[in-house]
Structures are given as C-alpha cells and as structure tokens.
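First up is the structure itself, then whatever we jot down about it.
The values are calculated or read from the model by the stated rules, or taken from the named source; none is laboratory data. This one's a predicted model, so the numbers in the text were calculated from it and none came from an experiment. Cβ: placed from backbone, ideal geometry, glycine included. Neighbour counts: every protein chain shown.
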Amino acid sequence: MPQDTPIPERPFADLTLPMTPSKGGLKVQDAKGHLHYLNQSAAVVLLLCDGSRTIREIERAVCAEFGLEQTPSDEVNRALQLLTDRGLLQSG
C-alpha cells in the first residue's frame, strides 16, 4: 500500500491552474493535464489553501463557511491528504 504524501503545514494551491465550476463542485486540471473533480467541500478546502493558513485555520474557515457547530477536522484532513496526494497542494 503506498504511503500518503505528508500534508504541508501551510498548504497552498496553484490557483493559476485551470478551474471550472461543475455541478456540485469544481473541475481542476493539474500541470500534467489530468482532470480532478472535487465536490463542494473539497473545492472550498482547495480555495482556502493560499499558503497563509495553517491546517487548523483551514479547518476553522471550513466550519465558518458551512455554518457547522463542530470543526470538521477529520474531513478537512482527508480532503487535504487527497489534494496533496493528487499533486494539487504544495508547501507554503
């Protein structure tokens, strides 16, 4: 089983990559030309990754964005891991 790529402490997405809103989320084309389909939650996480926020700050921002009572730490970390493994996030 492959190892997960470490999640950067202050992840950032290359927001110059081609991104297109799609039904229920976002399509992102990576630098190699591969298309990634993100649901709404993963899209919000990606767009919050500007290199200035820590993982905890991203978690709190997602909580505020969706009006949640509890911080969705596990869900945000799963999204960050997926985005990192797919090469859509880099170290800030």
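Would you check which residues across the stretch 23-44 are in contact with a helix residue (DSSP H, G or I) (Cβ under 9 Å, 6 or more places away or on another chain) and among the small types (Gly, Ala, Ser) and list them?
Hits for the stretch 23-44 are GLY24, GLY25, SER41, ALA42.
Which of the numbered conditions does ARG53 fail, given that it passes all the others? Conditions: (1) within 23 Å of ASP14 (Cβ to Cβ); (2) part of a helix (DSSP H, G or I).
Among (1) within 23 Å of ASP14 (Cβ to Cβ); (2) part of a helix (DSSP H, G or I), the lone unmet condition for ARG53 is (2).
VAL62 - would you say it is of a type outside the set (Ser, Thr, Tyr) and either within 10 Å of the chain's Cα centre (by Cα) or in a strand (DSSP E or B) (or both)?
Here the answer is no, as VAL62 does not meet what is asked.
Quick one: how many residues across the stretch 72-92 are part of a loop (DSSP other than H, G, I, E, B) and at pLDDT 95 or above?
Summing the residues that are part of a loop (DSSP other than H, G, I, E, B) and at pLDDT 95 or above in the stretch 72-92 gives 1.
Please determine whether any residue of the stretch 5-12 is acidic (Asp, Glu), exposed (fewer than 13 other Cβ atoms within 10 Å of the Cβ) and touching an Asp or Glu at 6+ places or on another chain (Cβ under 7 Å).
Checked against the condition, which is being acidic (Asp, Glu), exposed (fewer than 13 other Cβ atoms within 10 Å of the Cβ) and touching an Asp or Glu at 6+ places or on another chain (Cβ under 7 Å), the stretch 5-12 yields no hits at all.
Quick check on the stretch 22-40. Is at least one of its residues closer than 14 Å to ILE7 by Cα and surrounded by 15 or more Cβ atoms within 10 Å (Cβ to Cβ)?
no
Output the number of residues of the stretch 71-92 satisfying the condition of being in contact with a helix residue (DSSP H, G or I) (Cβ under 9 Å, 6 or more places away or on another chain) and touching a residue at least 40 places away in the same chain (Cβ under 8 Å).
7
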